[in-house]
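The values are calculated or read from the model by the stated rules, or taken from the named source; none is laboratory data. Quantities reported herein were computed from a predicted structural model and do not represent experimental measurements. Every residue, glycine as well, gets a Cβ built from its backbone with ideal geometry; the counts of neighbours run over all protein chains shown.
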Amino acid sequence: MNENERPLNFVEKIIKEDLASGKVDAIRTRFPPEPNGYLHIGHAKSIWLNFGLAQTFGGKCNLRFDDTNPEKEDEEYVESIKADVKWLGYQWDGDVHFTSDYFDQLHAWAIELIKSDKAYVCDLNAEQMREYRGTLTEAGKNSPYRERSVEENIELFEKMRAGEFDEGACALRVKLDMAAPNMHLRDPVIYRIKKASHHQTGDKWCIYPSYDYAHGQGDAIEGVSHSVCTLEFEEHRPLYNWFIKNVPVPSTPHQYEFSRLNVNYTITSKRKLKQLVDEDHVDGWNDPRMPTISGMRRRGFTPKAIRDFCEMTGVTKVKGVVDVSMLEFAIREDLNANAPRAMCVLHPLKVVLTNYPEDKTETMTAAGHPQRDDFAERSLPFGREVWIDQDDFREEANKKYKRLVIGKRVRLRNAYVIEADEAIKDEAGNIIEVRARVIENTVGNDPEDGVKPKGVIHWVAAHDNVECEVRLYDRLFTDVAPDAGGKDFLESINPDSLEILNGCKVEAGIFANDPDTRYQFEREGYFIEDSKYSSAEKPVFNRVISLRDTWGKMDQG
């Protein structure tokens with residue numbers, strides 16, 4: 001983000017004013033994911049915003065893992081999140097932080113809250129606690145354990161810490177207001193018993209702090225100036241501020257909320273994404289159809305396209321749903337400008353050029369990119385036999401069909417004009433080969449007889465190509481809101497979200513390039529080698545995105 005290129009969003013305006021007034025001397029933000037799953041497109045916006053704010057205002061951004069729930073967390077998720085942040089083009093300041101780094105300090109501050117009679121150990125179980133909490137229209141009532149003495153609470157909390165109680169037997173709560181309109185202020189739990197091994201601290205702890213208790217204190221310990229989170233945490237802000245005021249923290253961060261990124265045709269619930277993985281509806285967290293950052297990376301999306309998409313969606317407090325076509329537009333724009341061109345025949349049909357010598361070969365040249373002089377030219381081997389796509393030939397066709405027809409001409413892209421003479425069929429009547437003739441002296445020139453070709457088609461030489469597998473990916477769901485209103489999102493899985501084509505033929509020259517290179521396979525779409533399954537023995541290409549938005553037409557009618 002560059003504040004000089006566009007109007008400032010409301011968070012940038014706040015930061016600019018805070019710097020100008022001297023309220024803060026420097027900007028420090030943080031990205032604090034919980035390591036209980038892989039990051040998705042919604043997290044991408046939070047990464048873009050928090051790291052982008054630091055970049056815009058010459059500040060720094062921390063990466064801190066909110067690891068207060070060991071039962072659902074794993075080191076695998078920690079490593080995937082670090083990789084995602086780096087891939088998106090960002091680098092956190094200093095070492096990676098964990099909320100667990102502060103467990104000792106948070107525990108000590110909890111004891112201070114007890115000593116100041118602001119916290120107590122409560123023996124209500126979860127169901128009883130819900131009953132005592134009240135409703136949105138009915139005040140809650142105080143726990144019968146709320147007036148325990150400071151000494152008793154300290155003793156009980158020490159026993160909690162020592163593992164003397166079972167899970168759920170008791171919890172540490174802070175004394176706020178059981179009649180507060182904001183439900184989050186009705187004596188919230190700040191420590192609960194969890195006898196689970198932690199991926200960072202092992203078995204040192206059997207009590208763990210709540211998110212609401214740990215989050216603001218983590219910000220304060222790290223000197224975060226602007227704690228930017230999504231709008232669902234707006235109701236948590238009074239509690240965030242209460243802890244900052246009532247705990248002897250070293251700094252006073254402030255929380256600001258923006259609307260989260262919701263995208264149609266997409267689900268972002270970690271629980272539901274995990275269900276897709278666990279039930280084998282997809283090929284893991286990084287399946288190219290998943291809205292995870294790792295899935296988008298494997299699909300071939302670019303970091304720039306995702307950052308551009310986040311920029312396009314804006315930073316506001318207005319809740320809404322963004323059309324996924326905006327993301328697809330950003331990807332097409334980036335790849336159209338930056339992807340080198342190549343030719344790949346997805347449904348091969350052999351064409352024999354009967355008047356071309358069997359022992360002759362040539363090398364044609366083609367632009368690496370039609371609008372980029374900085375892309376090297378490609379060399380295209382050419383011989384008597386070439387592969388074209390089955391859809392590019394018909395025995396008979398009307399005038400609207402601009403491809404190869406018996407008795408008609410087309411140009412092989414960057415090569416000769418050819419004219420079809422005959423279709424060879426198998427016993428079942430399927431066309432297995434086309435006999436055609438080269439029109440001489442037409443490389444770079446129109447035919448001398450004045451009969452121009454009807455169109456241009458792509459091809460690869462039969463004697464010099466690489467056979468590959470191509471995976472045509474599409475949107476995972478057919479429903480614009482797959483899980484809205486209690487719907488079973490599994491029922492709207494798109495049965496055509498993946499089509500696997502074998503025996504495709506691609507230019508051999510592309511394999512001299514970096515396997516992470518994204519290509520426009522001319523007339524077919526944008527593609528990248530699959531990072532999971534592609535090999536030298538069997539290259540596999542994923543379609544990143546089609547050349548045009550076909551869903552837009554479907555959505556309209």
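See the values below:
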item: Filter result for LYS175 (within 25 Å of PRO238 (Cα to Cα), touching a helix residue (DSSP H, G or I) at 6+ places or on another chain (Cβ under 6 Å), assigned by TED's automatic domain parsing to the domain that holds ILE111 and among the charged types (D, E, K, R)); result: no
item: Options ILE114, ILE154: the member that is surrounded by 13 or more Cβ atoms within 10 Å (Cβ to Cβ), β-branched (Val, Ile, Thr) and touching a Phe, Trp or Tyr at 6+ places or on another chain (Cβ under 9 Å); result: ILE114
item: Residue satisfying all of: in the stretch 42-81; touching a Phe, Trp or Tyr at 6+ places or on another chain (Cβ under 9 Å) and in a loop (DSSP other than H, G, I, E, B); farthest from GLY202 (Cα to Cα) among these; result: ASP66
item: Residue that is among the charged types (D, E, K, R), in contact (Cβ under 8 Å) with a residue 40 or more places away in the chain, within 27 Å of GLU34 (Cβ to Cβ) and surrounded by 16 or more Cβ atoms within 10 Å (Cβ to Cβ), where the choices are ASP283, ASP287; result: ASP283
item: Residues within the stretch 259-281 that are part of a loop (DSSP other than H, G, I, E, B) and over 15 Å from the mean Cα position of the chain (by Cα), tallied; result: 4
item: Any pair with Cβ under 6 angstrom, 6 or more apart, that starts in the stretch 24-36 at a residue that is more than 8 Å from SER225 (Cα to Cα) and ends at one that is among the basic types (Lys, Arg) and outside any loop (DSSP other than H, G, I, E, B); result: ARG30/ARG64; PRO32/ARG64; ASN36/LYS72
item: Complete set of residues in the stretch 1-23 that are polar (S, T, N, Q), touching a residue at least 24 places away in the same chain (Cβ under 8 Å) and surrounded by fewer than 17 Cβ atoms within 10 Å (Cβ to Cβ); result: ASN2
item: Within the stretch 58-95, considering residues that are out of contact with any Ser or Thr (no Cβ under 9 Å at 6 or more places or on another chain) and hydrophobic (A, V, I, L, M, F, W, C), the one surrounded by the fewest Cβ atoms within 10 Å (Cβ to Cβ); result: VAL78
item: Test result for GLY42, out of contact with any Gly (no Cβ under 7 Å at 6 or more places or on another chain), closer than 21 Å to ILE244 by Cβ and in contact (Cβ under 8 Å) with a residue 12 or more places away in the chain; result: no
item: Selection status of GLU358, touching a Pro at 6+ places or on another chain (Cβ under 8 Å), among the acidic types (Asp, Glu) and more than 19 Å from PHE511 (Cα to Cα); result: no
item: Set PRO515, PRO482: member being in a loop (DSSP other than H, G, I, E, B), closer than 30 Å to ALA366 by Cα and in contact with a Ser or Thr (Cβ under 8 Å, 6 or more places away or on another chain); result: PRO515
item: Per-region count, the stretch 210-225, residues in contact with a Gly (Cβ under 9 Å, 6 or more places away or on another chain) and not polar (S, T, N, Q); result: 1
item: Test set (1) surrounded by fewer than 17 Cβ atoms within 10 Å (Cβ to Cβ); (2) under 43 Å from the mean Cα position of the chain (by Cα) - PHE489 fails condition number; result: (1)
item: LEU490 in the same structural domain as PHE329 (by TED's automatic domain parsing) and in contact with a His (Cβ under 8 Å, 6 or more places away or on another chain); result: yes
item: Pairs with Cβ under 6 Å, 6+ apart, first in the stretch 247-265 and over 30 Å from VAL480 (Cβ atoms), second basic (Lys, Arg); result: GLN255/ARG237
item: Of all residues making up the stretch 274-328, the number that are among the hydroxyl-bearing types (Ser, Thr, Tyr) and either more than 23 Å from ASN542 (Cα to Cα) or assigned by TED's automatic domain parsing to the domain that holds ASN50 (or both); result: 2
item: Matching entry among PRO7, PRO35 (being outside any helix (DSSP H, G or I) and in contact with a Ser or Thr (Cβ under 9 Å, 6 or more places away or on another chain)); result: PRO35
item: Wholly within the stretch 138-222, strands (runs of 3 or more DSSP E) carrying at least 2 residues that are closer than 27 Å to GLU257 by Cα and within 36 Å of the chain's Cα centre (by Cα); result: 189-193, 207-209
item: From ALA330, ALA337, residue being surrounded by 19 or more Cβ atoms within 10 Å (Cβ to Cβ), outside any strand (DSSP E or B), among the hydrophobic types (A, V, I, L, M, F, W, C) and within 39 Å of the chain's Cα centre (by Cα); result: ALA330
item: One residue from ASN445, ASN502, ASN441 being part of a strand (DSSP E or B), surrounded by fewer than 14 Cβ atoms within 10 Å (Cβ to Cβ) and more than 21 Å from the chain's Cα centre (by Cα); result: ASN502
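Conditions (1) in contact with a strand residue (DSSP E or B) (Cβ under 9 Å, 6 or more places away or on another chain); (2) more than 21 Å from VAL263 (Cα to Cα); (3) assigned by TED's automatic domain parsing to the domain that holds GLY216, marked per residue:
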residue: VAL24; (1), (2), (3): yes, yes, yes
residue: THR29; (1), (2), (3): yes, yes, yes
residue: LEU63; (1), (2), (3): yes, yes, yes
residue: PRO70; (1), (2), (3): yes, yes, yes
residue: ASP84; (1), (2), (3): yes, no, yes
residue: LEU88; (1), (2), (3): no, no, yes
